[in-house]
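Engineer: This structure is in structure tokens; I'll ask about it shortly.
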């Protein structure tokens, strides 16, 4: 799958769940135990904004400071504003990633310096997995685009042996899901999710 097609599909998966969130569901818990539905949407928008900063050459410490600001409670928060911010941030991220030479740039990510192409894979995976988190939280359709799930799984699978040590994927793979399981099941398990 073309990596930009994957990014666009991941965004569509997130937006499909955002559009399904009821006004009374924003404070529901999510599979990301430290975040509510509102927190996951805020995290997605902050991640999109972070990608733009990283691609612009912003240093790690400055990026982290900006991301912390984006995660602070907004006194003017409304569901409509949260959805609009996700869309605006996703637009900005998509444009930044598509700039000439963006995929070859060095980005000073929190996990270390990575090329823009790896950042693109990170952002695609983040939006895909959190789309599932939102669906699970609000009782929406949890089925992910199977080609997208395969794309994200293929990108993440080489990290299986150490993914739990990153602190971003819970306890990592359970070891209980075999290679014959549907790709979405393998992806969720790999990312520490236990449906």
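Engineer: Take residue 176 and decide whether it is more than 15 Å from residue 13 (Cα to Cα) and either surrounded by fewer than 16 Cβ atoms within 10 Å (Cβ to Cβ) or in contact with a helix residue (DSSP H, G or I) (Cβ under 7 Å, 6 or more places away or on another chain) (or both).
Structural biologist: It is true that residue 176 is more than 15 Å from residue 13 (Cα to Cα) and either surrounded by fewer than 16 Cβ atoms within 10 Å (Cβ to Cβ) or in contact with a helix residue (DSSP H, G or I) (Cβ under 7 Å, 6 or more places away or on another chain) (or both).
Engineer: Can you name every residue in the stretch 33-45 that is touching a residue at least 40 places away in the same chain (Cβ under 8 Å) and surrounded by fewer than 16 Cβ atoms within 10 Å (Cβ to Cβ)?
Structural biologist: Within the stretch 33-45, no residue meets the criteria.
Engineer: Among 109, 71, 43, which is under 14 Å from residue 127 (Cα atoms) and at pLDDT below 95?
Structural biologist: So the residue among 109, 71, 43 that is under 14 Å from residue 127 (Cα atoms) and at pLDDT below 95 is 43.
Here is a yes/no grid of residues against (1) out of contact with any helix residue (DSSP H, G or I) (no Cβ under 7 Å at 6 or more places or on another chain); (2) at pLDDT below 85:
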| residue | (1), (2) |
| --- | --- |
| 144 | no, no |
| 147 | yes, no |
| 154 | yes, no |
| 158 | yes, no |
| 168 | yes, yes |
| 172 | no, yes |
| 183 | no, no |
| 189 | yes, no |
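Engineer: Here's a follow-up. Regarding the stretch 25-39, can at least one residue be identified that is within 13 Å of the chain's Cα centre (by Cα) and assigned to a helix (DSSP H, G or I)?
Structural biologist: Within the stretch 25-39, one or more residues are within 13 Å of the chain's Cα centre (by Cα) and assigned to a helix (DSSP H, G or I).
Engineer: What number of residues in the stretch 13-28 are touching a strand residue (DSSP E or B) at 6+ places or on another chain (Cβ under 8 Å) and in contact (Cβ under 8 Å) with a residue 24 or more places away in the chain?
Structural biologist: Number of matching residues: 2.
Engineer: Same structure again: Kindly indicate the residue of the stretch 96-118 that is under 16 Å from residue 6 (Cα atoms) and assigned to a helix (DSSP H, G or I) and also nearest to the chain's Cα centre (by Cα) among those meeting that condition.
Structural biologist: 118
Engineer: Could you give every pair whose Cβ atoms fall below 8 Å, whose first residue belongs to the stretch 175-195 and is on the phi > 0 side of the Ramachandran plot, and whose second residue is part of a loop (DSSP other than H, G, I, E, B), counting only separations of at least 6 or pairs across chains?
Structural biologist: Here the result reads 192/169; 192/170; 192/171; 192/172; 192/173, each pair linking the stretch 175-195 to a residue that is part of a loop (DSSP other than H, G, I, E, B).
Engineer: Just wondering, is there one or more residues in the stretch 21-32 that are closer than 22 Å to residue 5 by Cβ and surrounded by 12 or more Cβ atoms within 10 Å (Cβ to Cβ)?
Structural biologist: No, because not a single residue in the stretch 21-32 is closer than 22 Å to residue 5 by Cβ and surrounded by 12 or more Cβ atoms within 10 Å (Cβ to Cβ).
Engineer: Moving on to the next point. Condition first: touching a residue at least 24 places away in the same chain (Cβ under 8 Å) and farther than 21 Å from residue 10 by Cα. Can you find one or more residues in the stretch 75-91 that meet it?
Structural biologist: Yes: the stretch 75-91 contains one or more residues that are touching a residue at least 24 places away in the same chain (Cβ under 8 Å) and farther than 21 Å from residue 10 by Cα.
Engineer: Let me ask another. Any idea how many residues of the stretch 48-68 are within 21 Å of residue 127 (Cβ to Cβ) and part of a helix (DSSP H, G or I)?
Structural biologist: 13
Engineer: Answer yes if at least one residue in the stretch 129-142 is exposed (fewer than 15 other Cβ atoms within 10 Å of the Cβ) and either touching a helix residue (DSSP H, G or I) at 6+ places or on another chain (Cβ under 7 Å) or more than 22 Å from residue 20 (Cβ to Cβ) (or both), and no otherwise.
Structural biologist: Taking every residue of the stretch 129-142 in turn, at least one turns out to be exposed (fewer than 15 other Cβ atoms within 10 Å of the Cβ) and either touching a helix residue (DSSP H, G or I) at 6+ places or on another chain (Cβ under 7 Å) or more than 22 Å from residue 20 (Cβ to Cβ) (or both).
The values are calculated or read from the model by the stated rules, or taken from the named source; none is laboratory data. Every value quoted in this text rests on a predicted model; they were computed, and no experiment measured them. Glycine also receives a Cβ, built like all others from the backbone with ideal geometry; neighbour counts cover every protein chain displayed.
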